1. Scan Tyr57, Tyr25, Tyr47 and give me the residue that is in contact with a Leu (Cβ under 9 Å, 6 or more places away or on another chain), among the hydroxyl-bearing types (Ser, Thr, Tyr) and over 28 Å from Glu300 (Cα atoms).
2. Tell me which residues, restricted to region 265-281, are over 14 Å from Val247 (Cβ atoms), of a type outside the set (Lys, Arg) and surrounded by fewer than 18 Cβ atoms within 10 Å (Cβ to Cβ).
3. Specify the residue that is surrounded by the fewest Cβ atoms within 10 Å (Cβ to Cβ); the eligible residues are those in region 52-79 that are part of a helix (DSSP H, G or I) and over 16 Å from the mean Cα position of the chain (by Cα).
4. Quick test for you: out of Glu116, Glu68, pick the one residue that is touching a strand residue (DSSP E or B) at 6+ places or on another chain (Cβ under 9 Å) and within 20 Å of Asn301 (Cα to Cα).
5. For Asp61, work out the one condition from (1) within 22 Å of Leu86 (Cα to Cα); (2) in contact with an Asp or Glu (Cβ under 8 Å, 6 or more places away or on another chain) it doesn't fulfil.
6. Looking at Ser166, Ser157 in this structure, which one is small (Gly, Ala, Ser) and touching a residue at least 60 places away in the same chain (Cβ under 8 Å)?
7. Within region 84-171, considering only helices (runs of 4 or more DSSP H) that don't extend past its boundaries, which have at least 2 residues that are among the basic types (Lys, Arg) and surrounded by 14 or more Cβ atoms within 10 Å (Cβ to Cβ)?
8. Within region 173-190, can you find the residues that are in contact with a helix residue (DSSP H, G or I) (Cβ under 9 Å, 6 or more places away or on another chain) and assigned to a loop (DSSP other than H, G, I, E, B)?
Amino acid sequence: MQNKIYKWGIIGCGSVTELKSGPAYQKTAGFELHAVMRRDIEKAEDYAKRHGVPKFYGDADALINDPEINAIYIATPPDMHKFYALKVAEADKVCCIEKPMAPTFEECAEINAIFEKKNLPLFVAYYRRSLPRFKQVKKWLQENKIGNVRHINWHLSKPANDMDISKKYNWRTDIEIAYGGYFDDLASHGIDLFVHLLGNIKTAQGIAVNQQNLYTSKDAVVGSWLHESGVTGSGSWNFGAEKREDVVEIYGDEGKITFSVFNEVPIVLQNGSEEEKKTIENPPNIQLYHVENMKIHLQENSKHPSTGKTAMHTSWVLDRLLGK
């Protein structure tokens, strides 16, 4: 498998693929971005021309069944992830699904089961597991820089944006697609990262409400959880607050680590009177290391940090925090 070239096709070449992910497939040795698909074929053609992609489609089945394509990245809204993932599995092709893996844990479990049954690699784009800044946080934890970890807390808030206030349609706040609204889109990144840093979660509970009545999805969530290791966790996510805040604190019996899930601020280690700050920038194509790790997994038999199995567990936690 070391010399195999993986020719990728993207289903749903929208905004997330312009800078965050699409170019990463072109920059990774052993990968080629060979085709893109969008229901509006003119937009698919425009994307292909601007990014130098050889093929474009207006029909997903045509891309999935293209004999030159042997790996597919599903970057549609999450309500279509299962629909396309099962087609990719039927075609016996490698798959990466944009996060969240699906709107519910049950759908995630169904997707993962079919890929496991067919022994097909399945990845999910929880790319923060591969970013250097969070690998540094994990390194500090592994080195016991804050002693025994006791608790993790995350607060994330932001004001309603212009689209929210105008009440224009946005799939991210449509309860039929994203029950938790921005929580599904944003909090999923953090919860998945915490599992990566501190291990699986065995219990979780929460309350989700709609305080603003600007859209149908929930806009405020509070929750708590317990990692299998005994570390406790708590979080609050509010998408109608005065300002944006994003602060994670991991408490140990000898110190504390503070960082942001989304903001590129320094990560801070405090131990007694000593403090260490590290500024580690993200790559311009933020999914680059995630994509490179897929190549390593496929060609060098090294386990990728974000698979269908890990993403399924994250969805299980998210459902419970939402009170489902």
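Every number here is computed from the coordinates shown, using simple stated rules; none is lab data. These numbers come from a predicted model, not from an experiment. Cβ sites come from the backbone with ideal geometry, for glycine too, and all protein chains shown count toward neighbours.
1. Values: Tyr25 fails: over 28 Å from Glu300 (Cα atoms); Tyr47 fails: in contact with a Leu (Cβ under 9 Å, 6 or more places away or on another chain).
Step by step, each of Tyr57, Tyr25, Tyr47 is checked, and only Tyr57 is in contact with a Leu (Cβ under 9 Å, 6 or more places away or on another chain), among the hydroxyl-bearing types (Ser, Thr, Tyr) and over 28 Å from Glu300 (Cα atoms).
2. Matches in region 265-281: Asn271, Gly272, Ser273, Glu274, Glu275, Glu276, Thr279, Ile280, Glu281.
3. Going through region 52-79, the residues part of a helix (DSSP H, G or I) turn out to be 60-64, 78-79.
Still in the list and also over 16 Å from the mean Cα position of the chain (by Cα): 60-64.
Values: Ala60: 22, Asp61: 12, Ala62: 14, Leu63: 25, Ile64: 22.
In this case the residue turns out to be Asp61.
4. Values: Glu68 fails: within 20 Å of Asn301 (Cα to Cα).
Just one listed residue meets the conditions, Glu116.
5. Just one mismatch for Asp61, condition (2).
6. Values: Ser166 fails: touching a residue at least 60 places away in the same chain (Cβ under 8 Å).
Answer to the check: Ser157.
7. On the way: elements: 105-117, 132-142, 162-166.
Passing ranges, in order: 132-142.
8. Step one: filter region 173-190 for residues in contact with a helix residue (DSSP H, G or I) (Cβ under 9 Å, 6 or more places away or on another chain), giving 173-174, 176-185, 187-190.
Once the filter is applied, which keeps residues that are in contact with a helix residue (DSSP H, G or I) (Cβ under 9 Å, 6 or more places away or on another chain) and assigned to a loop (DSSP other than H, G, I, E, B), region 173-190 yields Asp174, Glu176, Ile177, Ala178, Tyr179, Gly180, Gly181.
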